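Asks: The following block contains the structure, expressed as structure tokens.
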Amino acid sequence: MCHPDFVATTFDVYPGRVELPTTRQVLSLGRVKLDAYLREMGLPQSNPVQVQLLTSGTHEDQGLLLDAPFACTANAYFWFTVQDVAGGTSAYFKQLDLEGFEQTFGLPIEADRTDLSAVFDTARISGHWWYFRRSAGQPALINILYGCLASALAELTHGVVYSDDGAWDFERFPALPQEFDRWFMRPEFALSLERKQWAERIRDRLLEEMISE
């Protein structure tokens, strides 16, 4: 597996309720979670987090109503940035492929994780899911932001976060948002040496970025 610094990674969110949150709610709670992470490190809160709705391919700004549901067409995506910070993270709203979903989550839930069964049942009914994508070479703050946004959306939808592409230790997923917030990008909770070292590098870079602002 390639090192996560050099590849794009994603967090999927599967909802445990049918109702959609607004973009403003995702933006606001994502910022709260980002600032909580920064406080753990003794750092000041981040600059404002911003979001646009862009056209896939052309990246043209479509205009965005923050109080509209956090959903978009197949040819559009959300682009989240932090003021005065380079880069950003994209988010996509997708229709659920039931065959692929069943292949991933159709196996019996572990006996101690029956709390996830209702989430997956609702996800099937809702027929949709989201994913947040972090491209390679992003600033450290963006590496934290996209996880915070995924967790925020999972919390707002009573759902779960999932990743199978190296965004964090695969054994941790699927995860409820309160679980995710406890161990994501925290070296002391990494299950593998590679993730531990990666989180340490992200934290070192984050300190450099915040101090240099």
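The values are calculated or read from the model by the stated rules, or taken from the named source; none is laboratory data. If you're wondering where the values come from, they're calculated on a predicted model, not measured in any experiment. Because the Cβ atoms are built from the backbone with ideal geometry, glycine has one as well, and the counts that use them run over all protein chains shown. For the accessible areas, the whole protein counts, side chains as well, though only heavy atoms, and no ligand, DNA or RNA atoms are used. Shrake-Rupley method; radii C 1.70, N 1.55, O 1.52, S 1.80 Å.
Asks: Return the single residue from Arg195, Arg124, Arg182 with maximal mean-square fluctuation; model: Gaussian network over the chain, springs between Cα atoms under 10 Å.
Replies: Looking only at Arg195, Arg124, Arg182, the biggest GNM fluctuation is shown by Arg182.
Asks: Can you give me the Kirkwood hydrodynamic radius for region 6-71, using every pair of distinct Cα atoms, in Å to one decimal?
Replies: One decimal place: 14.4 Å for the Kirkwood radius.
Asks: Moving on to the next point. Listed highest first by mean packing, meaning other Cβ atoms within 10 Å per residue, what order do 51-57, 8-14 come in?
Replies: Top of the packing list down: 8-14, 51-57.
Asks: Okay, moving on. Just from its helices, what would the mean residue ellipticity at 222 nm be for the chain, if runs of 4 or more DSSP H residues each count -39500 (n - 2.57) and the sum is divided by every residue, rounded to the nearest 500 deg cm²/dmol?
Replies: -12000 deg cm²/dmol
Asks: For Thr55 and Leu98 in the same chain, what is the full-extension length gain: residue separation times 0.36 nm, less their Cα-Cα distance, in nm?
Replies: My answer for the length gained is 12.9 nm.
Asks: For Gln83 and Leu66, compute 0.36 nm times the residue count separating them, minus their Cα-Cα distance, and round to one decimal in nm.
Replies: 4.4 nm
Asks: When only Cα pairs under 8 Å and 6 or more residues apart are kept, what is the percent relative contact order across the chain?
Replies: Dividing the mean separation by the residue count of the chain yields 30 percent.
Asks: Please report, in whole Å³, the volume per residue of the convex hull around the C-alpha atoms of region 6-124.
Replies: 168
Asks: Shifting gears a bit: In region 35-57, whose amide N lies under 13 Å from the spot 7 Å out along Cα-to-Cβ of His128? List them in ranges.
Replies: From region 35-57, the list is empty.
Asks: Suppose every Lys and Arg Cβ carries +1 and every Asp and Glu Cβ carries -1, with no other charges. What dipole size does the chain come out with about its Cα centre, to the nearest 20 debye?
Replies: It works out to roughly 260 debye.
Asks: Now for a different question. Using 7 Å Cα-to-Cβ label points, what is the Glu40/Glu19 separation (nm, one decimal)?
Replies: 3.0
Asks: Kindly report, to the nearest 10 Å², the accessible surface of Arg172 as traced by a 1.4 Å probe over protein heavy atoms only.
Replies: 50
Asks: Can I ask one more? Heavy atoms only, probe 1.4 angstrom, no DNA, RNA or ligands counted: give me Thr104, Thr81 ranked by accessible area, highest first.
Replies: Thr104, Thr81
Asks: When all protein chains stay in place, what accessible area (Å², nearest 10, 1.4 Å probe) is found for Ser135?
Replies: The accessible area comes out at roughly 30 Å².
Asks: Something else about it: So, in Å, what gap is there between the alpha-carbon centers of region 148-185 and region 39-75?
Replies: 19
Asks: Ranking request for peptides 16-22, 154-160: highest mean number of other beta-carbon atoms within 10 Å first, then the rest in descending order.
Replies: Per-residue mean Cβ counts within 10 Å order the peptides as 154-160, 16-22.
Asks: When the accessible area of the chain is split by element with a 1.4 Å probe, what percent falls to carbon and sulfur?
Replies: Carbon plus sulfur share of accessible area: 53 percent.
Asks: Classify the chain from the C-alpha gyration tensor, please: rounded if a/c falls under 1.5, else prolate or oblate depending on whether a/b exceeds b/c.
Replies: Verdict is oblate for the chain.
Asks: Give the calculated FRET efficiency between Arg113 and Ala8 to the nearest 0.05, with a Förster radius of 30 Å applied to their Cβ-Cβ distance.
Replies: FRET efficiency, Arg113 to Ala8: 0.60.
Asks: Next question, about the same structure. Write down the radius of gyration of region 112-201 and its Dmax, each obtained from C-alpha positions, in Å.
Replies: Rg and Dmax of region 112-201, Cα atoms, are 13.5, 40 Å.
Asks: Under a point spin-label approximation (7 Å from Cα along Cα-to-Cβ), what is the Asp164-Asn75 distance to one decimal in nm?
Replies: About 3.0 nm separates the two model spin labels.
Asks: To the nearest 10 Å², what's Thr73's accessible area with a 1.4 Å probe?
Replies: 80
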